[in-house]
Amino acid sequence: MAKIKFRKPNNYDMAVAQKGVPFTYRDADGHTYGTFKISMFNTDSKFVRVKLDQFSRDNKAALDAIKDDAERGVYIFINTCLHGWEGVEDQDGKAVPFTPENAADLLYDANEDDETMFNDLVRFSQNMANFKHDPRASKEADAKN
């Protein structure tokens, strides 16, 4: 018997979810802190689970060395879903280049109890609606070629 191919809801575009999309981070007062390129971090997706399993296997020693669960979560997020940023500045207003180490310094500080920015970035990455295909973007890209 032939396998039935059902029509299912298309919650996201896998290519967009893997490549990442820009997310401009604003605090509750509307201040902008940069634009982050983030891929999907939603474990309801099989490709995300596979990516996280592979990362965990490949980085077991590094993950085992991190004793704090919050720090481990930041490390995993940065190294699997955060692909870069623009407009992130230090306290003197100078641009800070994206590196995993700089991202860890921005998103995790054991001496601070405010994890709002990290939590907001994770929430954005978990929302499948943020990774839908935008046909307008494809048309604009095609027009430039």
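Annotations
- Long pairs among K19/K51; K8/K51; K8/K132; K19/K94, criterion Cα-Cα beyond 19 Å: K8/K51; K19/K94
- Amide H contacts of K132 (H built 1.01 Å from N, under 5 Å, at least 5 apart or other chain): D13
- Computed magnitude of the charge dipole of the chain (debye, nearest 20; Cβ of K, R +1, Cβ of D, E -1): 1640 debye
- Principal-axis analysis of the Cα atoms of the chain puts helix 135-144 at an angle of about 80° to the longest axis.
- The stretch 57-71 - phi-based ³J(HN,Hα) in whole Hz, Karplus 6.51/-1.76/1.60, Gly and Pro as x: 5, 5, 10, 4, 4, 5, 5, 5, 6, 8, 7, 7, 4, 5, 5
- Rough spin-label spacing in nm, given labels placed 7 Å along Cα→Cβ, for K67 and F47: 3.9 nm
- The computed semi-axes √(5λ) of the Cα gyration tensor in Å for the structure shown corresponds, within (1) 39, 17, 12; (2) 29, 23, 13; (3) 33, 16, 12, to (2).
All of the numbers you see were taken from the coordinates with simple rules; none came from a lab. These numbers were taken from a predicted model, which means no experiment stands behind them. Here the Cβ is made from the backbone with ideal geometry for all residues, glycine too, and neighbour counts use every protein chain on show.
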